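Report on the structure given below.
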Amino acid sequence: MQVLGNPLHGRARSVITAALIPGVFALSTIATAGEALVQEAPVTSPLVLRLLVVNRAHVRPSMLQASEEDAEAIYGATGVQTRWANVTATDASSDYAIDFIVIIVSGTESRLMAARQRDNVLGFASRESGIAWVLYDRVADNATIHGVPFRRFFGQVIAHEVGHLLLPANSHSDHGIMQRGLSTRPSLREYFTAAQAEMIRQHVASLRCGQHITCALQPLVPSMLP
């Protein structure tokens, strides 16, 4: 597992990275072999995952929504519905009933974070804080270099990072959305493995019985970086 010094004071993070080689994006840490991909997972009652997306990179709303729809399809295959609240740093002081936060950064903020990681890092997640970061500039650059539709690749990066918040540490697999290498084939959407989907359903079900992230994390959202 990669470790980032700041902005959360040395806590361990799972990171998603992209190696600039044709046809594959390399992701970090340990893989788990031998699991079949899950395309559908019937559930008896709706499981809903609520995500607050802080769009500090000023991604166009239509493009962000399209990418979230791709991520929604990936989680929908596990039997989990997603609900998205999209805000900017200036209006993130309102109350939101959420489970996790996704922060999209670019420019100086993205460079500050990326400087503490390898050159091919696209994002990372802190399970302790319930926050995932996505480095918009690097996602966009890699999508362009490899000819991958941005909405599809961006949605997969978001789904992957949120997956780190829902799954145990060292949760990469040999295939699927949590693999080290995300496919660059434009028509392919990656999914969670069957075992990962079961863990995600259990985790989301447990969130309904616990406390939700509301005001406690909101003061951190506008000023996460040093």
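The values are calculated or read from the model by the stated rules, or taken from the named source; none is laboratory data. A quick note: this is a predicted structure, and the numbers were derived from the prediction, not measured. We place every Cβ from the backbone using ideal geometry, glycine too, and count neighbours over all the protein chains shown.
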Residue that is surrounded by the fewest Cβ atoms within 10 Å (Cβ to Cβ), among those in the stretch 155-178 that are of a type in the set (G, A, S), closer than 20 Å to S129 by Cα and over 8 Å from the mean Cα position of the chain (by Cα): A169
Residue selected from the stretch 94-124 under the condition hydroxyl-bearing (S, T, Y) and over 15 Å from D141 (Cβ atoms), by the criterion modelled with the highest pLDDT: T108
Based on this model, can you work out whether A77 counts as more than 18 Å from D137 (Cβ to Cβ), among the aliphatic types (A, V, I, L, M), at pLDDT 95 or above and crowded, with 19+ Cβ neighbours inside 10 Å? no
Determine, yes or no, whether T44 is assigned to a loop (DSSP other than H, G, I, E, B), under 21 Å from V204 (Cβ atoms), β-branched (V, I, T) and at pLDDT 95 or above. no
Residues that are assigned to a loop (DSSP other than H, G, I, E, B), closer than 24 Å to L47 by Cα and touching a residue at least 40 places away in the same chain (Cβ under 8 Å): does the stretch 129-137 have at least one? yes
Under the condition of being without any contact (Cβ under 8 Å) to a residue 40 or more places away in the chain and in a helix (DSSP H, G or I), which residue from the stretch 73-105 is farthest from R151 (Cα to Cα)? D91
I'd like the full set of residues that are more than 15 Å from the chain's Cα centre (by Cα) and crowded, with 19+ Cβ neighbours inside 10 Å, limited to the stretch 109-145. E109, S110, M113, A114, Q117, N120, N142, A143
